[in-house]
Amino acid sequence: MLKPDKFREECGVVAIYAHPEAEKLAYLGLHALQHRGQESAGIATSDGESLHLHKGMGLVADIFGEDVLSQLHGRLAIGHTRYSTAGDSALLNAQPIRVQSNKGTIALAHNGNLVNAGEIRRRLESQGSIFQTNSDTEVIVHLIARSKEPTLPEAIADALRQVQGAFSLVMISPDRIYAARDPRGFRPLALGRIPPGAGHQQDTIVFASETCAFDLIGATFERDVKAGELLVVGPSGLTSECYAPSLPQASCIFEHVYFSRPDSLVFGRAVEESRSELGRELAREAPAEADIVVPVPDSGVSAAMGYAAESGIPFRFGLIRNHYVGRTFIEPKQAVRDFGVKLKLNPVRSLLEGKRVVLIDDSIVRGTTSRKIVRLIRSVGAREVHMRVSCPPTISPCFYGVDTPSMRELIAANKTIEEIREFIGAESLAYLSVEGLKKACGDGQKTTYCTACYTGRYPTDGVDVRNSDRQCAALAQAERPR
């Protein structure tokens, strides 16, 4: 991650049905979704009779070489790349999760977070279930295995009706791929198709968290998996059922603010369009007298371009990001102030010296990194720094798959905007309004968004912002290894 006080990234999933190199397409799809999680990755494949699985810690390209992929050869595949939002960072929690049950052998990969996982887990354990991981995803697997429904699709639907929260998931059995989204549609999941070609005589059906994965593997986006929909792809084709009654939609607006790649379509809308509009709205709501507009790369670039276009202030890359910083580095014995930020960002003195700078970022969480970046820009002679943020103040933690800090760590939950401005050391500070955020992202057009992290109003039961710290602790306790 670029910034230690940022939201942790969530997960990405991909699925391939009926392709002679399904494992390679899954690998490429995960590579395109690497931004959604750099902690672990896994691929499960089927050769029509049995499932094969490989997963590991680290980046996709480091886990899957030619030798590994050759052992995963199959015509069906699912994949997962993870950054933990529930459960420890360990190989035992890497996905997909494969199990053998009375419904056959299945493997499942999940993006999101279940708000009632702890409650269900305690109930299942009291009934004799033995959990192998401390990830909330395993709860779904156990519910499927214990279901009294006669068929696997019916058991999946039965399990999904029992869980609450956010989930976009893909599942594989020896001859089928399954895909589903929660009834509120928190997390994205897209359906695509690859036409017949050399080596395969039928359409290949694919699923992915974002459409940027389709671009890499040559698939055409068809539509989003609907909220509350279960899709099954098998020998008889593609079938769909609504496994749960429709609920008010609550798609995560932070997918457009930060998570998703700008070249993706998410919730039926181009992410780049949303981010540019975020910047334009911000310029209209919070103009500044300045000489240049500078983004915090990479997440602030699109909004900064929109801000510059609307305001008429020139856009400049005044901060250069080092894209080759690994997980570890050698720090000099003599302390260097703000070393971590300097390792990843370097100011361009010739652009910043003597200038009044509008600094654009997508969010401020704890504020510590923003403070260091403002100080970095001043160190090369910038005359003024005006901080502009392309989303509203983050005042509440998320329970749906975004690993935000607790309320006591969120700077906007504990300080006024003026106090935050003083803390980060900028001449001025302004955030985009909730109304501006919704307008920029097309709220109410193709989807309705969840904005709980900015409003404290959660769309599911059992979440109370006033007790969020206590609930975060309770969730962590419930998800510890037994």
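The values are calculated or read from the model by the stated rules, or taken from the named source; none is laboratory data. What you see is a predicted model, and the numbers here were worked out from it, not measured in a lab. FYI the Cβ positions are ideal-geometry reconstructions off the backbone, even for glycines, and counts take in every protein chain you see.
Observations on the model:
Let's see how each residue does on (1) within 26 Å of residue 423 (Cα to Cα); (2) at pLDDT 95 or above:
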{"position": "294", "(1), (2)": "yes, yes"}
{"position": "304", "(1), (2)": "yes, yes"}
{"position": "310", "(1), (2)": "no, yes"}
{"position": "325", "(1), (2)": "no, no"}
{"position": "338", "(1), (2)": "yes, no"}
{"position": "344", "(1), (2)": "yes, no"}
{"position": "349", "(1), (2)": "yes, yes"}
{"position": "354", "(1), (2)": "yes, yes"}
{"position": "365", "(1), (2)": "yes, no"}
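- Note on segment 182-205: residues that are assigned to a loop (DSSP other than H, G, I, E, B), more than 23 Å from the chain's Cα centre (by Cα) and surrounded by 14 or more Cβ atoms within 10 Å (Cβ to Cβ) amount to 1.
- Checking 159, 166 one by one, the residue that is surrounded by 19 or more Cβ atoms within 10 Å (Cβ to Cβ) and touching a residue at least 40 places away in the same chain (Cβ under 8 Å) is 166 and no other.
- All strands (runs of 3 or more DSSP E) inside segment 206-312 with 1 or more residues being hydroxyl-bearing (Ser, Thr, Tyr) and under 27 Å from residue 158 (Cα atoms): 237-242
- Residue count for segment 86-102 under the criterion of being of a type outside the set (A, V, I, L, M), modelled with pLDDT of 80 or more and either in a strand (DSSP E or B) or buried (at least 17 other Cβ atoms within 10 Å of the Cβ) (or both): the result is 6.
- Test set (1) of a type in the set (Phe, Trp, Tyr); (2) touching a Leu at 6+ places or on another chain (Cβ under 9 Å); (3) under 22 Å from residue 183 (Cβ atoms) - residue 254 fails condition number: (2)
- Residue match in segment 206-220 (condition: surrounded by fewer than 21 Cβ atoms within 10 Å (Cβ to Cβ), out of contact with any strand residue (DSSP E or B) (no Cβ under 7 Å at 6 or more places or on another chain) and of a type in the set (Val, Ile, Thr)): no
- The set of residues in segment 278-315 that are under 16 Å from the mean Cα position of the chain (by Cα) and surrounded by 21 or more Cβ atoms within 10 Å (Cβ to Cβ) contains only 299.
- Those residues of segment 240-277 which are crowded, with 17+ Cβ neighbours inside 10 Å and at positive phi, in sequence order: 267
- Helices (runs of 4 or more DSSP H) wholly inside segment 351-429 that include at least 1 residues being closer than 24 Å to residue 316 by Cα and over 29 Å from the mean Cα position of the chain (by Cα): 368-379
- Test: residue 194 is hydrophobic (A, V, I, L, M, F, W, C), in contact with a Leu (Cβ under 7 Å, 6 or more places away or on another chain) and either modelled with pLDDT of 95 or more or more than 23 Å from residue 81 (Cα to Cα) (or both): no
- Any hit, segment 218-229, residues being in contact (Cβ under 8 Å) with a residue 60 or more places away in the chain and in the same structural domain as residue 48 (by TED's automatic domain parsing): no
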